[in-house]
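Please read the structure below before turning to the comments.
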């Protein structure tokens, strides 16, 4: 295996690491939770000072006419460039769950004769909850069918078997939040199209780490989170992608910013004809503006280069785990073939929570824990080094062999 130092020395993305904030008080910290919350771009501080200090502080309400109203579409277009969408097909709105609800209900009402929503057991739990709510609120007697794919050797076959002429909508996470399993966008879309059904994608765990081409893959609608690999900041607004030919879709939560002319203050104003019809209330100006630096960095780096390094990092981690941690009760639970994997690796251990707490509190490594027995290690290629991979495996081994599990076995943090 090539040395981590040699790989870091020739890494074409190494210059981007310094464009993120690193704590002087924790110089040895290894952050492997970018799949949950990305690091802070240095440029975000400048954006915050501009929006809060100069614009809000000095220009006050005049800011609405000086760029604030443009942020949802302007940043949306940047995300669109990253995922292969045309200008005007991506917009920032509320959080991912609300965006998913809007598009799910819109899609269900567009096909009133079909009654089944299909999702899978490895979908994000909130997404499944939202789909049940969408089924109820569409008012057409829809049911949600959850296909068990977590233990399936062939999830695609299980999904295809479930599709029939009653299927209105398939809703999937492009990359599973737990295992890191990655669906083939084009393959799923083609299978759904054959039965006359639609697919609503959640790109939260793939956008910014995995190449996505919504046009080439024939994606109709999608949502995505901006605070993971896009590094937009905690609670940053999500985005919606609506292909420009989806003109029959109606926003189920109408509001003034989704109307043709919000500032006539006319409650009977018709919906806007473009993607802004999926807006509802006032845009989140400050948090939305903070998304731009992270997206611009990814565009500068090039998503193909980002993905190439992602594969190298995660492949290396998997190999080292197999070689050094298998005898200590660890087992990789993500797909071994990178074609079927996102940019995080799920590592099983019966005492995973105790191991995770020991890593955070004793070894300056931040992964995350997913009940009951999975640790997730997220590799964000713009700031994760090959040396971080090697050091993580070394520190896990040292901690477990040194009795760390016993020290942390009975601790239960609020946020795992």
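Figures for the structure shown
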| quantity | calculated |
| --- | --- |
| Top of 243, 59, 341 by mean-square fluctuation, Gaussian network on the chain, Cα under 10 Å | 59 |
| Segment residue 115-residue 308, length gained on full extension (0.36 nm per residue, minus Cα span) | 65.4 nm |
| Share, in percent, of DSSP beta bridges within the chain that are antiparallel, nearest 5 | 55 percent |
| In degrees, nearest ten, helix 386-401 long axis to first principal axis of the chain (Cα) | 60 degrees |
| Theoretical ellipticity at 222 nm over the chain - DSSP helices of four or more residues, -39500 (n - 2.57) apiece, nearest 500 | -10500 deg cm²/dmol |
| Calculated FRET efficiency for the pair residue 165/residue 364, C-beta based, R₀ 56 Å, to 0.05 | 0.55 |
| Angle between the chain longest axis and helix 96-110 axis [Cα atoms, degrees, rounded to 10] | 40 degrees |
| Ordering of 91-98, 247-254 by burial proxy (mean other Cβ atoms within 10 Å per residue, highest first) | 91-98, 247-254 |
| Per-q log10 I(q)/I(0), region 192-264, q = 0.16, 0.28 Å⁻¹ (Debye; single scatterer per alpha-carbon; no solvent) | -0.75, -1.27 |
| Normalised contact order of region 308-416, rounded percent, pairs of Cα under 8 Å and 6 or more residues apart | 30 percent |
| Peptide ranges 135-143, 390-398, 68-76 listed from the most packed, as the mean C-beta count within 10 angstrom indicates | 68-76, 390-398, 135-143 |
| Footprinting exposure proxy for 408, 183, 256 (fewest neighbouring C-beta atoms within 10 Å first) | 256, 408, 183 |
| Fluctuation leader among 301, 380, 222 - the chain, Gaussian network, Cα springs under 10 angstrom | 301 |
| The chain: relative contact order as a whole-number percent, Cα under 8 Å and 6+ apart | 21 percent |
| Two-site FRET efficiency, residue 193 against residue 266, from Cβ-Cβ distance with R₀ of 51 Å, rounded to 0.05 | 0.85 |
| Highest-first arrangement of 12-18, 35-41, where packing means the average Cβ count within 10 Å | 35-41, 12-18 |
| Region 119-145-region 226-252 distance, computed between alpha-carbon centres (Å) | 18 Å |
| Spacing of the two label points (7 Å from each Cα toward its C-beta) at residue 216 and residue 282, in nm | 4.2 nm |
| Most mobile listed residue (399, 375, 357) in the chain, GNM with C-alpha springs under 10 Å | 399 |
| Using alpha-carbon coordinates, inclination of helix 125-138 to the longest axis of the chain, degrees | 20 degrees |
| Listed candidates (1) 19.2; (2) 24.3; (3) 21.1 - label of the one calculated as mean projected area of the Cα convex hull in nm² | (3) |
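Quick note: the coordinates plus some simple rules give every number you see, no bench work behind them. Since this is a predicted model, take the numbers as computed values, not measurements. Heads up, the Cβs are rebuilt from the backbone with ideal geometry, glycines too, and the neighbour counts pull from every protein chain shown.
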